[in-house]
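Below is one structure, written out as structure tokens; comments come after it.
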Amino acid sequence: DNIPLVNIVRNAEQVALLKSIGAKYVLDSSQESFMEGLVGALSETGAMLGFDAIGGGKLAGQILAAMEQAAVKRMTSYSRYGSDAAKQVYIYGGLDLGPTVLNRSFGLTWSLSGFLLTPFLAKAGPEVMGRMRKRVVDELTTTFKSHYSQRVSLAQVLDPATLQAINAKRTGEKYLIQP
């Protein structure tokens, strides 16, 4: 869709993986230069909307802070309230189930909320839902293609070792449960 994405990952292997498939902006949140790189990428792209798969920890707050720093660079006059650029982060994942930590360094025009597809679709209505379904069907082998490291039966899920492996939440290790 030609939307410049800023990808945030947690290690060098994930950076290499995304860059190998053409991602331009890929930042490793474990690096000391992460915030500087994030502000730079957000300044270049103008992105003021983010999605956080981690959920807990400080990532959502870091994204909002970087958005604010990028927006302040574009301001022509000072405001004690920060920029008036609308900044939004949606938490849609729970890789870290701990508290979401916000260090209020992003002005007063911001929002943090959760995102689930089912409530979104209910609000979007049948016409939008129909267009989205058609796009998924049309792009099932490209954009929406999934790769599974394992296919397991419901009976196999009862095995504690299999259940522990499924719950590990590792890149490239998605399980498909087949009834």
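Using only the alpha-carbon atoms, what does the stretch 68-179 span along each of its principal axes? Please give whole angstrom values in decreasing order.
Principal extents (largest minus smallest coordinate, Cα): 62, 37, 24 Å.
Give me the net charge of Ala124's neighbourhood, meaning all other residues with Cβ under 12 Å from the Cβ of Ala124; Lys, Arg count +1, Asp, Glu -1. Working shown, then result.
Values: positive: Lys123, Arg131, Arg133; negative: Glu127.
Local charge sum for Ala124: +2.
Can you give me the C-alpha center-to-center distance between the stretch 131-153 and the stretch 1-60, rounded to a whole angstrom?
First find each Cα centre; the distance between them is then 23 Å.
What list of ³J(HN,Hα) couplings, whole Hz, do you get for the stretch 163-179 from phi and the Karplus terms 6.51, -1.76, 1.60, once you set θ to phi - 60° and write x for glycine and proline?
My calculation for the stretch 163-179 gives 4, 5, 5, 4, 7, 5, 6, 10, 4, x, 10, 8, 9, 10, 8, 9, x Hz in order.
If you consider only alpha-carbon coordinates, what radius of gyration and Dmax does the stretch 1-44 have, in Å?
Computed over the Cα atoms of the stretch 1-44, radius of gyration and Dmax are 10.2, 31 Å.
Percent of accessible area on the stretch 8-73 owned by carbon and sulfur, 1.4 Å probe?
54 percent
Would you pull out the residues with amide H under 5 Å of Gly50's amide H, same chain only if 5 or more places away, H placed 1.01 Å from N?
Those lying under 5 Å, H to H, from Gly50 are Gln88, Val89, Tyr90.
Residue by residue through the stretch 77-92, which ³J(HN,Hα) values in whole Hz follow from phi under the Karplus form 6.51 cos²θ - 1.76 cosθ + 1.60 (θ = phi - 60°), with glycine and proline marked x?
9, 6, 9, 5, 8, x, 6, 9, 5, 6, 10, 9, 10, 9, 8, 10
Could you give the nm distance between label points at Ile166 and Leu49, where each point is 7 Å from its Cα heading toward the beta carbon?
3.3 nm
I need the fraction of alpha carbon pairs in the stretch 2-101 separated by more than 19 Å, rounded to a whole percent. Let's see the in-between values first.
Working: 2184 of 4950 pairs.
Value for the stretch 2-101 (Cα pairs over 19 Å): 44 percent.
Over the chain, what relative contact order in percent results from Cα pairs under 8 Å that are six or more residues apart? Don't jump to the answer; show the numbers that get you there.
Values: 236 pairs, mean separation 28.1, N = 179.
This gives 16 percent for the chain.
Amide H of Gly82: which non-local residues (sequence gap of 5 or more, or other chain) have their own amide H closer than 5 Å, using H built in the peptide plane?
Correct list: empty.
Rounded to the nearest 500, what is the chain's calculated 222 nm mean residue ellipticity when only DSSP H runs of at least 4 contribute -39500 (n - 2.57) each, over all residues? Each step should come with its number before you reach the end.
Details: 7 runs with 68 residues, N = 179.
One gets -11000 deg cm²/dmol as the mean residue ellipticity at 222 nm.
Kindly identify the stretch 127-179 as rounded, prolate or oblate by the Cα gyration tensor criterion: order the square roots of the eigenvalues as a ≥ b ≥ c, call it rounded if a/c is under 1.5, otherwise compare a/b with b/c, prolate if a/b is larger, else oblate. Walk me through the intermediate numbers first.
Values: a/c = 3.08, a/b = 2.32, b/c = 1.32.
Prolate.
Using the basic label-point model (7 angstrom from Cα toward the beta carbon), what is the Phe144 to Ala12 distance in nanometres?
Taking the two extended label points, one gets 3.7 nm.
Roughly how many Å² is the accessible area per residue of the stretch 77-173, as a whole number, for a 1.4 Å probe?
77 Å²
Run the reach check for Lys145 against lysines, Cα to Cα strictly under 21 Å, same-chain hits fewer than 8 apart removed. What comes back?
Leaving aside lysines fewer than 8 places away in the same chain, those within reach of Lys145 are Lys19, Lys24, Lys134, Lys169, Lys174.
The values are calculated or read from the model by the stated rules, or taken from the named source; none is laboratory data. Predicted model, so just to flag it, every value in this text is computed and none were measured. Neighbour counts are summed over all protein chains in view; Cβ atoms, including those assigned to glycine, are modelled from backbone coordinates with ideal geometry. Ligands, DNA and RNA are stripped out before the accessible areas are found, and what is left, the full protein with its side chains, is counted by its heavy atoms. Shrake-Rupley method; radii C 1.70, N 1.55, O 1.52, S 1.80 Å.
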